[in-house]
Structure formats: structure tokens, C-alpha cells
1. Return the total of residues in the range 36-54 being surrounded by fewer than 17 Cβ atoms within 10 Å (Cβ to Cβ) and at pLDDT 95 or above.
2. Taking the condition of being buried (at least 21 other Cβ atoms within 10 Å of the Cβ) and of a type outside the set (Val, Ile, Thr), how many residues in the range 55-87 meet it?
3. Going through the range 99-131 one residue at a time, which ones are polar (S, T, N, Q) and either surrounded by 18 or more Cβ atoms within 10 Å (Cβ to Cβ) or over 29 Å from GLU269 (Cα atoms) (or both)?
4. So how many residues does the range 178-191 have that are more than 15 Å from the chain's Cα centre (by Cα) and either buried (at least 16 other Cβ atoms within 10 Å of the Cβ) or touching a residue at least 12 places away in the same chain (Cβ under 8 Å) (or both)?
5. Just to be sure I understand, how many residues within the range 231-240 are under 21 Å from HIS280 (Cβ atoms) and surrounded by fewer than 23 Cβ atoms within 10 Å (Cβ to Cβ)?
6. Checking ASN239 against (1) over 15 Å from the mean Cα position of the chain (by Cα); (2) modelled with pLDDT of 80 or more, which single condition isn't satisfied?
7. Output yes when any residue across the range 100-107 is under 26 Å from VAL63 (Cβ atoms), at pLDDT below 95 and of a type in the set (S, T, N, Q), and no when none is.
Amino acid sequence: MSRYLLILLFLMATYCPAVCGQMMSNGFGLASLTGDFSDKGIDINGDGLLDYLNIDVGVNIVVPGEYSLYGFLFDRENKEIVWSADHRAFSDGNHTMQLAFDGKTIEKSRLNGPYRLGNISLNWGSASMGLIYCGRLDDAYTTAYYNASDFVDPADNDKILSGKGNGNLLVTLSIKTTVPTFSGRYMYDIVGLNMPPISSPIKISSSIDKGYNLSMPGIFIPGKPNNFTIVAGKVKNINVGIMKLQGDMQRIWVSSQFPADDLGAARAESDLISPQGSYHVKIFGDAAENETKVDLTMNLEKMLTINGPFNLVINTTGFPAGSYRVNAKALNGSFSFDEIDFRDKEN
């Protein structure tokens with residue numbers, strides 16, 4: 001599988017014109033939005049707080065194939081709260097797609113409902129075959145009443161990697177967690193992701209063929225490698241949606257659907273996420289038959305050139321609670337550590 005498939009994606013209708021409340025089509029007649037909507041809060045782990053606000057969206061499929069849907073949630077004052085996406089393979093006929101809006105982001109906004117679903121866009125195709133715009137609806141639906149406090153409170157627990165040494169290291173941050181399923185599906189949202197996920201002050205410089213170089217006291221981080229890999233276990237497939245925020249600009253991508261192998265593991269990866277701007281990453285797909293939990297493993301890989309003492313604050317905002325591990329491998333057989341420490345940041 002090409003690692004570029006994940007972010008050979010689309011910059012679509014974020015800025016395209018639309019008439020409020022009217023469905024638009026490019027005339028291909030591949031599929032359309034039916035105008036059928038419903039909403040419900042989802043408490044996946046039974047703790048009394050909502051993990052997602054799910055909105056079902058009806059679609060009519062004329063030409064079978066892969067379809068992507070994305071949309072935005074607004075409050076009563078038209079303030080944008082959060083984005084969501086869905087991607088599925090359909091036969092012809094009427095079907096339901098789901099926009100599951102991240103509860104952590106709703107809670108963090110402190111904005112109460114009822115909420116408005118808007119700027120939804122339906123597209124045929126995939127990242128590998130190209131995408132065709134099918135329809136858009138700016139003012140789609142108003143939900144029932146929800147308080148922001150009904151949703152799960154995001155937990156922030158930054159990690160500290162510090163020490164002193166000299167040489168080149170290949171460092172992999174590995175995060176493993178278990179995600180409950182509901183109605184045969186799984187999902188997880190990482191909101192506010194930076195690449196690399198570092199809160200320490202960083203100087204950014206670009207190179208023509210090797211991406212963005214980063215530097216800070218005691219450390220130089222070259223642009224490559226810049227690998228971000230997600231593996232889902234006990235699944236049928238994996239999809240990844242990404243929204244990038246950079247100033248006032250939004251860019252949205254949705255991956256192809258990657259099927260699981262014979263062991264039930266599905267993999268998506270990319271090295272194209274840049275350090276400028278922040279990302280909302282949405283991981284979702286179909287769980288294997290009768291599975292109530294899905295295993296997620298996320299790996300972020302960077303090379304560090306270390307020269308003296310260093311102190312990295314690793315920003316875990318949006319990442320799941322679970323097992324965090326840092327693996328450091330000396331490159332070219334030359335590295336010396338005087339000291340190293342990996343710990344939770346004290347609040």
C-alpha cells in the first residue's frame with residue numbers, strides 16, 4: 001500500500017459557493033442528499049457522559065461505489081464547534097451515513113445546543129480514484145437540545161522526554177488504546193494534533209525536498225522521516241479523515257477505505273503532515289463481527305540530532321488514554337546518553 005494514499009486526498013467544497021438551504025449538484029446524478037436527518041447522543045463506555053453527538057444523514061445512491069460525507073456543527077449563534085466525516089462503500093438505493101461529532105470538542109467549547117448541522121458535502125470516489133462532487137447543503141438540520149456539559153471532558157496529560165546526550169536517534173512515540181464499538185462501528189477523534197506533537201518552543205525552517213526542519217535547545221529535528229501510522233485491530237477496515245486549521249484557512253481530506261488483512265488488522269499511514277497548523281484527525285470504520293472493542297495503535301516517528309541537554313514537552317492533547325511508549329534507536333551505531341527521563345508533566 002502506498003503511504004501517499006492517505007493524504008492524496010481532497011481540497012473540496014470548503015470555499016465553494018452554495019445557496020443556503022438548497023442542495024446543489026454538478027449534474028452527474030451519481031448520488032444525492034435525501035433531506036432525512038436524525039440525532040442522538042452516544043455514551044460508548046456507559047459513564048453517563050456523551051462521547052459523540054451522532055447525526056444520521058440520508059443519501060440516495062444511483063451509482064454504486066465509495067462515498068464521502070463531511071459537515072460542520074454550529075451553535076445557536078452560528079459559531080463553528082467541530083467537524084466530522086464519514087466514508088463508506090454503497091450499493092444503489094437509499095442508505096444512511098453518520099456524522100459523529102467529537103464530544104470532547106463540544107464540551108471544551110462550552111457552547112450549548114440545540115446545534116445546527118451545516119456545510120455538508122457529499123462526494124463520490126476515493127483518494128486513489130479521485131472524487132466527484134455530488135451535493136452540498138449549507139443549512140441542513142437542527143438537533144435536539146444538549147448542554148455542553150452533557151459531553152465527556154477532555155483529559156490533558158502531557159509527557160516530558162528529557163535528558164542529555166550526543167548523536168542521532170530514531171525516536172518512535174507509540175500509543176496503544178482500546179476503543180469500544182457501537183452498532184458494529186468504531187471511531188476515535190484526535191483534535192488539536194500538531195506534528196510532531198511537541199509543546200516546547202520550536203524554530204521551523206523549510207527545505208526544498210525534505211519538508212520542514214525543526215530546532216530547539218539541544219535538538220535538531222530534520223523534516224524526514226515524518227511518519228504517522230495508525231493500525232486498527234479486530235476490524236474489517238479503517239478510514240481516516242483530516243481537517244487542517246492554519247490561520248483562517250481550513251482544508252479537509254478523507255482517505256480511501258483500507259481493508260483489514262487476514263488477521264483483522266487495517267493500516268493507514270502518511271508522511272505528509274506538516275508542522276504548520278493543527279489537525280483534527282478522525283479514525284473510523286467497521287469492527288469485525290461480534291467485536292465489542294477495537295485495538296488502536298498510533299506510531300509517530302522522527303529523527304533527532306541531539307547535542308547536549310534537551311527537554312521535550314510532548315503534547316498528548318486529543319490522544320486517547322492508554323499505553324505510551326518511546327522507543328529510541330541509535331543511527332549509524334553512534335549515540336551516547338548521559339541521562340534520559342520519560343514522565344508525565346506535572347500540572
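1. 3
2. Within the range 55-87, residues that are buried (at least 21 other Cβ atoms within 10 Å of the Cβ) and of a type outside the set (Val, Ile, Thr) number 12.
3. Result: THR105, SER109, ASN112, ASN119, SER121, ASN123, SER126.
4. 6
5. Within the range 231-240, residues that are under 21 Å from HIS280 (Cβ atoms) and surrounded by fewer than 23 Cβ atoms within 10 Å (Cβ to Cβ) number 2.
6. Only one criterion is unmet by ASN239, namely (1).
7. No, the range 100-107 contains no residue that is under 26 Å from VAL63 (Cβ atoms), at pLDDT below 95 and of a type in the set (S, T, N, Q).
Listed here are the residues, each with its yes/no results for (1) over 21 Å from SER255 (Cβ atoms); (2) touching a residue at least 40 places away in the same chain (Cβ under 8 Å); (3) not assigned by TED's automatic domain parsing to the domain that holds ASP43.
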residue: PRO64; (1), (2), (3): no, no, no
residue: LEU73; (1), (2), (3): yes, yes, no
residue: ARG88; (1), (2), (3): no, yes, no
residue: LYS104; (1), (2), (3): yes, yes, no
residue: SER109; (1), (2), (3): yes, no, no
residue: LEU131; (1), (2), (3): no, yes, no
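The values are calculated or read from the model by the stated rules, or taken from the named source; none is laboratory data. Values in this document were obtained by computation on a predicted structure and should not be read as measured data. Methodologically, a virtual Cβ is constructed for each residue, glycine included, from the backbone with ideal geometry; neighbour enumeration extends over all protein chains shown.
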